[in-house]
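Peer 1: Let me give you the structure first, and then I'll get to my questions.
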Amino acid sequence: MAMADRITAGIARRMAGLRDRAALWHHSRVIHGPARVTLGDTDCAVVTLMKDAEWHIGPFITHHLSRGARHLVVIDNGSRDATAAIAAGFPQVTVVQNPMPAKRHESLLRAGIARQVLRGGWVLFADADEMFEAPLLDGAPDALPRLTAYLARHGYTALVAQMLDLLTDRPYRDTKALDYPASVAAFDRWAMGELTALLYHAGAANPLDWFLRDNLCDDPGVRLLIGGARRSLFGEECHLYKHSLLRNRPGIDLMRHPHCAGRVRVADVTGLLRHYKLAGDWQARDRASVAAGLWDHAEDAKRLAAVTAGDDFTPDLPDARPYRGTADLIGAGFLYASDRYRAEMG
């Protein structure tokens, strides 16, 4: 590409970015809770983007408050169910409605609205079907502030979390009608599956490496996980890692890709996102997603194509074992914690 063409393309991209940010402000409407929240140095606010998530939303909020989240920002992306109304029942929640299509604007919606509402502190990004756990602090009511205090103490500005797909040995017909808390209890198994672990800076081996180009990760024990149980079950090449927990300060790119932040120093420990993608009536959810064309990644279509057993399908694997918490996952090599983290937090 000629120099003039590159300059023209760069200007066009910047103009498009400005238009998108202006549209974000124009279309965002706070319908519940404070429009601005100032966080202390170790305070953490959870930010989630949801659409038609009434099945998940109550337990999702309760879980993260129970781990010490100071506040939650729920971005309602055009729900037609009770998602926003349920979220508005919690005083520690801000609900922002924005109908811009997540298929195109996912990162902008999450990071842009986080910056609109939150000042200072830390931001934890999590999806409706994810429940965050701080390593070695499972269930502690101050888990999040203790974790952020550790990160701040050692100069880290980001923590990579790994998504762990929870499984069950019960067939789909027995679990699809369960509510979310009952599903969490039923999905009590996990498996390594066909897992790939990449170095943080893996070059061409990682399709998302470009997004990590200006990040610092000085602990080689931190790996980026791909595949796992859903690769074994459905052939999905899913990126299990996310830069989920981030210092909310100028200069940090909170979400330049749904899995990647920018200009951060990555911690010497990885967090956990308990992932309940296969809980409840997930086949119906995937069919609705495919019909609406909600996403380009085609993971929902791949899952549906791989499930030929219908109601007899059981999301389990031969190497599955009971889920016993983050210490067990560190011992198995799914999560990582440095000796310093273990000494200070264990």
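Every number in this text was worked out from the coordinates using simple rules, so none of it is lab data. Source: prediction; values computed, not measured. Here the Cβ positions follow ideal geometry from the backbone for every residue, glycine too, while neighbour counts run over all protein chains shown.
Peer 1: Run the numbers for Glu237 and Ala152: contour at 0.36 nm per residue of separation, minus the present Cα-Cα distance, in nm.
Peer 2: Gain on extension, Glu237 to Ala152, equals 27.3 nm.
Peer 1: Students often forget the sequence filter, so: which lysines lie under 19 Å Cα-Cα from Lys242 once same-chain residues fewer than 8 apart are removed?
Peer 2: Lys103, Lys277
Peer 1: Counting other C-beta atoms within 10 Å, which of Cys44, Cys217 has the fewest, and how do the rest follow?
Peer 2: By the 10 Å Cβ count, ascending, the order reads Cys217, Cys44.
Peer 1: Trypsin sites (Lys or Arg not before Pro), restricted to segment 236-269: which are DSSP loop and have at most 16 other Cβ atoms within 10 Å?
Peer 2: Those satisfying the criteria are Arg263.
Peer 1: Order of 68-78, 230-240 by packing, highest average Cβ count within 10 Å first?
Peer 2: Highest mean packing first, the order is 68-78, 230-240.
Peer 1: Based solely on its DSSP helices, what 222 nm [θ] is calculated for the chain when runs of n ≥ 4 H residues each add -39,500 (n - 2.57) and the sum is averaged over all residues, nearest 500 deg cm²/dmol?
Peer 2: Calculated mean residue ellipticity at 222 nm is -10000 deg cm²/dmol.
Peer 1: Provide Phe90, Phe334 in ascending order of the number of other Cβ atoms located within 10 Å of each residue's Cβ, fewest first.
Peer 2: Phe90, Phe334
Peer 1: Here is a follow-up. For Leu137, what is the net charge nearby, where nearby means another residue's Cβ is under 13 Å from its Cβ and Lys, Arg count +1, Asp, Glu -1?
Peer 2: Net local charge, Leu137 excluded: -1.
Peer 1: Oh, and also: If you plug each phi of segment 75-87 into the Karplus form 6.51 cos²θ - 1.76 cosθ + 1.60 with θ = phi - 60°, what whole-Hz ³J(HN,Hα) values come out, in order, with x for Gly and Pro?
Peer 2: These are the phi-based 3J(HN,Hα) values: 9, 8, 9, x, 5, 10, 10, 8, 3, 5, 5, 5, 4 Hz.
Peer 1: Amide H neighbours of Asp127 under 5 Å, counting only residues 5+ apart in sequence or on other chains, H built in-plane at 1.01 Å?
Peer 2: So Asp127 has HN proximity to no qualifying residue.
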